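Here it is: the structure, laid out below.
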Amino acid sequence: RAKADGRDRIRFYDGMMQRKVAERLAMESDLRSAIRKNQLDVYYQILVDQKGVPEGAEALLRWTRPGKGPVSPAEFIPLAEETGLIEPIGYWVMEEVMAQVARWQALGDPFARLQVSINVSARQFHLPSFCTRVMGLLRKTGASPRRLKIEITESALAYDLELVEQTLRTLRSMGLRISLDDFGTGYSSLGYLKRLSLDELKIDQGFVRDILDDPNDAAIAETILALASALKLSAVAEGVESRGQLERLVAMGCPHFQGYFFGRPVPASEFELQVTKAASARQKKSW
Ligand code: C2E
Ligand code: MG
Ligand code: MG
Ligand code: MG
């Protein structure tokens, strides 16, 4: 009886594993055809300063899987990284965003001065051809590098530091800015911060979520802001969802904000409406 139970359990487990593997393969193949059939979209989430003035956006990838609905990037980006699909996807996002930035440049203010951040996976960032490809896309699209920011996570730094340093220096000499995403959640040592040419730290939303109730989160957010300011780096708080969180962060001296309180990620056309509205609301001092 015990033995039979064990066998049943193994069979059940095997069945689950098989379904998982099959589901992964199906998703990979759908993702592959999504690239081919141009079924990916870039959404834009607004970033504002302490007065609510729109300063830019973070470009966030969206995928609606045919017959299945939207899939979270938190799910398909890791799969794209493991399968190498992140390279074509990453350059597609980059070209799409640069083309959009070039259109905004042509529209004049407030659009022409927006800064748009692009998330770049470690795997793409470390390709020897990365900077050359970025340069090529800048030429092709006519986007100004000054309007672009590259977001990398700490995992991109856990690599040959000399090479990381070189890549960052090249990107910055081309005029792009560099932002360290999800700061405080990875394993990077603080020593990296003084060695690498960075422009900005993004305080992970995990520290913002309970900033009003959890003194540890508040202390960490405050420490990141102090660190950024001491190192002459800019700082952005991610995941701001309420006025209370915003006010707390403003009191701590945080200069830039992003989160559902200001706007969710939306298609470019909707983002343009948000920018126009925020720019005029600000003249009426709405917050
Ligand atoms: P991330 O770069 O840290 O992006 C911020 C995430 O937080 C986004 O999730 C955004 O929608 C979400 N968010 C923004 N404000 C709030 C808020 O107030 N509350 C909450 N709960 N969430 C908020 P999203 O779009 O699902 O993306 C998840 C992650 O997927 C991103 O985290 C990034 O690591 C990755 N990702 C997204 N697009 C790309 C891309 O084009 N390339 C690469 N390599 N990675 C991407
Ligand atoms: Mg990001
Ligand atoms: Mg982040
Ligand atoms: Mg994240």
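The values are calculated or read from the model by the stated rules, or taken from the named source; none is laboratory data. Everything numeric in this text was worked out from a predicted model, so none of it was measured. Backbone-built Cβ (ideal geometry, glycine too); neighbour counts: all protein chains shown. Protein only, heavy atoms only, side chains kept; ligands, DNA and RNA dropped before computing areas. Shrake-Rupley method; radii C 1.70, N 1.55, O 1.52, S 1.80 Å.
About the Cα centre, and with charges only on the beta carbon of Lys, Arg (+1) and Asp, Glu (-1), how big is the dipole of region 72-146? Nearest 20 debye, please.
On the way: 7 positive and 7 negative charges, 90 e Å.
That gives region 72-146 a dipole magnitude of about 440 debye.
With both bridge residues required to lie in the chain, what share of the DSSP beta bridges run antiparallel, to the nearest 5%? Present the calculation step by step, with values, prior to reporting the outcome.
Values: 16 of 38 bridges.
Antiparallel: roughly 40 percent of the beta bridges in the chain.
Once a ≥ b ≥ c are taken as the square roots of the eigenvalues of the Cα gyration tensor of region 39-78, is the result rounded (a/c under 1.5), prolate (a/b larger than b/c) or oblate (a/b not larger than b/c)? Display every interim value, and only then the final one.
On the way: a/c = 3.75, a/b = 2.91, b/c = 1.29.
Judged from the Cα gyration tensor, region 39-78 comes out prolate (a/c at least 1.5, a/b above b/c).
Probe radius 1.4 Å, ligands and nucleic acids left out: which of D109, D160, D204, D213 has the largest accessible area, and how do the rest follow? Working shown, then result.
Working: D109 110, D160 75, D204 25, D213 130 Å².
So, going from the largest accessible area down, we get D213, D109, D160, D204.
Hey, another quick one. Given R₀ = 22 Å, FRET efficiency for D160-T83 by Cβ-Cβ distance, to 0.05? Spell out each step's value before the answer.
Working: r = 23 Å, r/R0 = 1.06.
Using R0 = 22 Å, I get an efficiency of 0.40.
Oh, and also: So with the 1.4 Å probe, I'd like the accessible area per residue for the chain, rounded to whole Å². Working shown, then result.
Working: 14990 Å² over 287 residues.
Per residue, the chain has an accessible area of 52 Å².
Run the 1.4 Å probe and let me know the accessible area of T132, rounded to the nearest 10 Å².
Spelled out: T132, probe radius 1.4 Å, area about 100 Å².
Report the accessible area of T185, computed with a 1.4 Å probe over the heavy atoms of all protein chains in place, in Å² rounded to the nearest 10.
T185 exposes around 80 Å² with every protein chain in place.
For V250 and T185 in one chain, what is 0.36 nm times their gap in residues minus the Cα-Cα distance, to one decimal in nm? Each step should come with its number before you reach the end.
Numbers: separation 65, 0.36 × 65 = 23.40 nm, distance 2.20 nm.
Gain on stretching V250 to T185: 21.2 nm.
Hey, how many Å between the Cα centroid of region 167-245 and the Cα centroid of region 68-96?
Result: 24 Å between the Cα centres.
Using Cα pairs closer than 8 Å and at least 6 residues apart in sequence, work out the relative contact order for region 159-250, in percent. Could you put the intermediate results ahead of the total?
On the way: 106 pairs, mean separation 24.3, N = 92.
Taking the mean separation of contacting Cα pairs over the length of region 159-250, I get 26 percent.
Something else: For the chain, list the DSSP H helices whose alpha carbon atoms reach 24 Å or more along the long axis and whose average Kyte-Doolittle value is 0.0 or above?
Working: long enough: 2-36 (51 Å, -0.83); 86-107 (31 Å, 0.34).
Sorted by number, the helices that extend far enough and score high enough are 86-107.
For a quick check: with amide H placed at 1.01 Å from N, whose amide H comes under 5 Å from S117's, ignoring anything fewer than 5 positions away on the same chain?
Answer set, sorted by chain and number: A57, E58, A59, K149.
Work out the FRET efficiency for R243 and R133 from their Cβ-Cβ distance, taking R0 = 41 Å, and round it to the nearest 0.05. Before the final figure, lay out the partial values.
Numbers: r = 42 Å, r/R0 = 1.01.
Given R0 = 41 Å and the Cβ-Cβ separation, E is 0.50.
Let me ask another. Tell me the mean residue ellipticity at 222 nm calculated for the chain from its helices only (DSSP H runs of n ≥ 4, each -39500 (n - 2.57), averaged over every residue, nearest 500).
After summing the helix terms and dividing by the residues of the chain, the value is -16500 deg cm²/dmol.
Now, a different point. In nm, to one decimal, how far is the R19 label point from the R113 one, both placed 7 Å along Cα→Cβ?
Once both label points are built, they end up 5.5 nm from each other.
Keeping all protein chains in the complex and leaving out DNA, RNA and ligands, what accessible area do you get for E247 with a 1.4 Å probe, in Å² to the nearest 10?
110
Using label points projected 7 Å from each Cα along Cα→Cβ, tell me how many nm separate R123 and A219, to one decimal.
Here the modelled spin labels are 3.8 nm apart.
Where does the charge balance sit around V208 when Lys and Arg score +1, Asp and Glu -1, over other residues with C-beta under 10 Å from its C-beta? Each step should come with its number before you reach the end.
On the way: positive: R209, R248; negative: D204, D210, D217, E238, E241.
With Lys, Arg at +1 and Asp, Glu at -1, the neighbours total -3.
Run the numbers on region 27-186 and let me know its relative contact order in percent, using alpha-carbon pairs under 8 Å that are six or more apart. Can you show the working numbers first?
On the way: 213 pairs, mean separation 29.6, N = 160.
Relative CO of region 27-186 lands at 19 percent.
Quickly work out the D49-to-R7 label distance, labels modelled 7 Å from Cα along the C-beta direction, and quote it in nm with one decimal.
Calculated label separation equals 7.3 nm.
Further question on the same structure: In region 108-181, what percent of the accessible surface is made up of carbon and sulfur (1.4 Å probe, ligands and nucleic acids excluded)?
Working: 1570 of 3230 Å².
Taking all protein chains in place, region 108-181 shows 49 percent carbon and sulfur surface.
May I ask you to compute the full-extension gain from K140 to K37, defined as 0.36 nm times their residue separation minus their alpha-carbon distance, rounded to one decimal in nm?
Numbers: separation 103, 0.36 × 103 = 37.08 nm, distance 2.15 nm.
Working it through step by step, the gained length comes to 34.9 nm.
Which shape class, rounded, prolate or oblate, goes with region 223-266 when its Cα gyration tensor gives a ≥ b ≥ c as root eigenvalues, a/c under 1.5 marks rounded, and past that a/b bigger than b/c marks prolate? Present the calculation step by step, with values, prior to reporting the outcome.
Details: a/c = 3.40, a/b = 1.73, b/c = 1.96.
Oblate.
Follow-up question, since we're still on this one. Please work out whether region 175-233 counts as rounded, prolate or oblate from its C-alpha gyration tensor, where a ≥ b ≥ c are the square roots of the eigenvalues and a/c under 1.5 means rounded, while otherwise a/b larger than b/c means prolate and anything else oblate? Mind showing how you got there, number by number?
Working: a/c = 2.06, a/b = 1.93, b/c = 1.06.
Here region 175-233 falls in the prolate category.
Still on this structure, I have one more. Order the following by accessible area, largest value first: Y192, Y187, Y91, Y260. Probe radius 1.4 Å; ligands, DNA and RNA are ignored.
Details: Y192 50, Y187 220, Y91 15, Y260 110 Å².
Reading off the accessible areas and sorting them downward yields Y187, Y260, Y192, Y91.
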